[in-house]
Amino acid sequence: MSSLVYHAATRVLQNFLDEKGSLKHLVYNTTPEAVADRRKYIFKIVFSTVKWKPVLEAIFEEVRDSLGTERTKEGTAADKLKQIVSREKVEAGAFIYTFELLLSSDKRGRRALEKQISKHGEVGRVIFDDSVRGRLEDAVERVRVKKGVESVEELISKEIAEIDASRNSVPVYMRVNGLVTSTGEFEKTLVESKEFRLVREEGEGGAGAGGGEADMDEECGHLRDSLHVVLRSDVRVRPGLFARDRDVGGLYVFAPGVLGMGGVVGFGSAMVGEMRVVVQDKASCFPARVLLPPLGGKAVDFCAAPGNKTLQLVEMVGEAGSVVAFERDGRRAGLLRKRLLEGGCFVEGVEGKGKKEGGRENGRKGGRVRVCERDVLGVEWCDPVVREVEWGLLDPSCSGSGMRRTVETVLRGGGEREGGEAGQAEAERVSRLAGLQLRLLRHVAEFPSLRVLVYSTCSVHEKENEEVVGAFLRSREAQAEGWVLRKAGESEGLKRKCEWNGRVGLKEGVGLTEEQAESVIRFSSEEHTNGFFVAKFERVGWEERRRERLREAESEWKRMESEKEEKREEGGRVGKERRREVGGRTEKGKSYGGHQPFSRKRR
Ligand SMILES: C[S@@+](CC[C@H](N)C(=O)[O-])C[C@H]1O[C@@H](n2cnc3c(N)ncnc32)[C@H](O)[C@@H]1O
C-alpha cells in the first residue's frame with residue numbers, strides 16, 4: 001500500500017474532523033490525482049477509522065494515563081507517543097495508524113505498513129515502533145475490560161453498529177435528468193450493458209428485458225411488485241435489478257447498496273458524474289412533481305441549493321419557460337450554479353455547458369435559470385425579479401429529522417437527541433426553524449403573480465410541518481391573498497393518486513382540520529424513503545388578484561426606487577456640506593453624528 005494512500009487518508013480525516021465536508025466529498029474531490037484509482041480504498045480506511053473513533057479515543061486516554069506517571073526518556077518512541085496522545089486535538093494520523101495497527105479486521109493494511117513504515121511520517125513510525133506496540137495493545141485490553149465486553153469487535157457502540165448494518169437496507173433512487181438524456185436512453189444503456197435487468201410491473205412496456213418468472217418473489221408471495229423484487233435482490237449478483245418508480249416519472253429504484261462504498265459502481269460513475277442521472281430520494285422528487293409548472297411557465301425555487309429540485313423545474317418549464325433560483329448562502333449558491341451548468345441548464349449570466357459555439361445553446365431542453373444569491377426575506381414583494389413568477393417551490397432549511405442517520409452524522413453529534421439538555425436544545429432549534437419557515441411562507445405569499453406554492457421539508461416534526469401549514473393558513477397574508485390548501489397527492493404530476501399520508505400518530509391540535517391534515521403528504525420509512533413532508537397551496541381568484549396586484553407592485557416599486565434615489569441625492573448633498581465644514585478634508589475616524597452618507601440597499 002503506497003504511503004501516498006495513507007497521506008491522502010490522513011488529510012481527508014483531518015479535514016473531516018475540522019468539519020470541512022462530508023467524507024465522500026473530501027475523498028472524491030480533494031485527494032490528489034496520483035491516488036485517483038485508490039479512492040475507494042481511502043474511503044474505506046477513513047470511514048472505518050471514523051467509526052472506531054470513540055474506541056480509539058478511549059485507547060489514547062489509557063495510554064495517556066499510563067505514560068503520564070512514567071518518566072520517559074526524551075526522544076524515545078514512548079516519549080513521542082506520550083506527546084502525540086496528550087495533544088489537545090490528537091492529529092488524524094494517530095487515529096488512522098492506530099486503527100490499522102490494532103483494530104482493522106483487514107490485516108493487509110497493517111502488513112503493508114509494517115514493511116514500509118520508514119516511508120511514513122513520524123506519527124506512523126512512532127505508532128508502529130516495536131517498543132510501544134505492547135503499550136498500545138495493553139491499552140486496548142484495559143478498554144475492553146472496563147467496558148465489560150468479550151471481544152474488541154464488541155467495543156463499537158451498539159448504535160453505530162446498528163446504523164452501519166442498516167446502511168444497506170433502503171433502496172437507492174436515481175432520477176433521470178431529462179435535460180441531458182432520456183428515460184429510454186437510460187434504460188437502454190443499462191440493459192445493453194448486461195449489468196442490469198429492468199423489472200417491470202404487469203402491463204408495463206418499454207425497453208429492457210424484464211418480466212417472467214424471475215419477477216416473482218416466491219418467498220413472500222408478492223407477484224410482479226417491482227419495488228419489492230428490487231429491494232430484495234442481491235446487489236452483488238449480475239445482472240442487477242432495477243425498476244421504474246410507481247409514482248414519479250423518470251425515477252428508478254435500485255437495490256440497497258448499489259452505490260458502492262463511497263463510490264458509484266460501474267455504470268453509475270459515468271452517469272452520475274455526467275449528471276445524466278441524479279441520486280435523489282423519492283420523497284424529495286415530489287415537491288416539483290406536485291407543483292407541476294407547465295411548459296412555458298415561470299417558476300421560482302425560493303431555497304434552491306444544491307439544486308436537485310431546481311433541475312426538475314427547469315426541465316418541466318421547457319425552453320419557453322424560466323426559473324428563478326434563490327440561495328442566500330454564497331458558497332452554496334456557487335455549488336448551485338456549478339450543478340445547474342453541469343446538469344445541462346442555461347444559467348443566465350454564466351458561461352458553461354449550456355452554451356455552444358455561435359451562441360446557440362447546447363442540447364438545451366429546459367428553460368433559462370437565473371441564480372439570485374439573495375435572502376428571499378429581503379426580496380420586496382414588488383421586486384421585478386419575482387413580479388412575474390407564478391409557480392413557487394419553498395423547500396427551506398429544516399431540522400433534517402427525516403433524513404436517515406449515518407455513522408458520520410452520529411459521530412458528528414447529529415443523532416436523534418431526545419430528552420435531557422441536548423433534547424431541550426434540539427427542541428429550541430426546531431422552534432426557531434419553524435418560525436423561519438413560517439416567516440418565509442408569509443413573505444412569499446404576497447408575491448403578486450404567484451398562483452401555486454408548494455412547501456416541503458425533510459423533517460418529521462409536526463412543528464415544522466402541519467403546525468407551520470396551519471399557522472400560515474390563519475395568517476393575515478394567506479387570508480388577504482386567498483391562499484388555500486389543496487390535495488398534494490392528487491397532482492397530475494404524479495403517476496398515480498397518492499393516498500398514503502401516514503396520518504397515524506398525528507397529534508391533535510396541530511392547527512389543521514381533518515380534511516386539511518389529509519391533504520398533505522407525509523413520507524416515512526414505510527414508503528421506503530426518508531421522512532419528508534409536502535403541502536400544496538393555491539391562490540383563489542388568482543387571475544383577478546394578479547392584475548390588480550401587478551399594478552400595485554409596479555407603482556410601489558417606482559415609488560421605492562425614487563425614494564432611494566432621493567436618499568442618495570440627499571446623502572451626497574449632506575456629505576458635500578460636511579466635507580466643506582471640515583475644510584474639504586475627510587478626517588480619519590471622524591464621526592458624522594451617526595448619519596451614513598451613502599445608504600446601502602437592504603438585502
Ligand atoms: C433544504 S435546502 C434546499 C434543498 C434544495 N431544494 C434541493 O432540493 O436541492 C435549503 C436551502 O435554502 C437556503 N435558504 C434558507 N433560507 C433561505 C432564505 N431565506 N433565502 C434564500 N435561501 C435560503 C439554505 O442556505 C439551503 O441551501
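Side notes on the structure shown:
- Fully extending the segment from K567 to V170, taken as 0.36 nm per residue of separation minus the present Cα-Cα distance, adds 137.1 nm.
- Taking label points 7 Å from Cα along the Cα-to-Cβ direction, W557 and E428 give a separation of 4.2 nm.
- Total charge dipole magnitude, region 3-156, about the Cα centre, Cβ charges on Lys, Arg, Asp, Glu only, Debye to nearest 20: 440 debye
- Relative contact order (%) - criterion: Cα under 8 Å, at least six apart; region: region 509-574: 16 percent
- At q = 0.09, 0.17, 0.19, 0.21 Å⁻¹, base-10 log of I(q)/I(0) for region 3-156 (Debye sum, equal scatterers on each alpha carbon): -0.28, -0.99, -1.21, -1.42
- Net length gained if the chain between K20 and S193 were fully extended (0.36 nm per residue, minus Cα distance): 58.6 nm
- Links that overshoot a 31 Å alpha carbon limit, given the list K51/K119; K24/K115; K80/K146; K365/K558; K53/K338: K365/K558; K53/K338
- Summed over the residues of region 3-156 and divided among them, the accessible surface reaches 51 Å² per residue at a probe radius of 1.4 Å.
- With the simple spin-label model, which puts each label point 7 Å out from Cα in the Cβ direction, the E153 to R64 separation comes to 3.0 nm.
- Per residue accessible area in Å² of region 290-344, where ligands, DNA and RNA are left out and the probe is 1.4 Å: 34 Å²
- When you count the other C-beta atoms within 10 angstrom of each residue and take the mean per peptide, 541-553, 568-580, 283-295 line up highest first as 283-295, 541-553, 568-580.
- Radius of gyration (Cα atoms) of region 430-563, expressed as a multiple of 2.2 N^0.38 Å: 1.17.
- The figure for S22 is an accessible area of roughly 50 square angstrom, using a 1.4 Å probe on the protein chains alone.
- Calculated diffusion of region 1-83, Stokes-Einstein form, Kirkwood radius summed over Cα pairs, 37 °C and 0.692 mPa s, µm²/s: 227 µm²/s
The values are calculated or read from the model by the stated rules, or taken from the named source; none is laboratory data. Model, not experiment: these values are computed from the prediction. Neighbour counts run over all protein chains shown; Cβ positions are idealised from the backbone, glycine included. The area values use the complete protein model at the heavy-atom level, side chains included, leaving out ligands, DNA and RNA. Shrake-Rupley method; radii C 1.70, N 1.55, O 1.52, S 1.80 Å.
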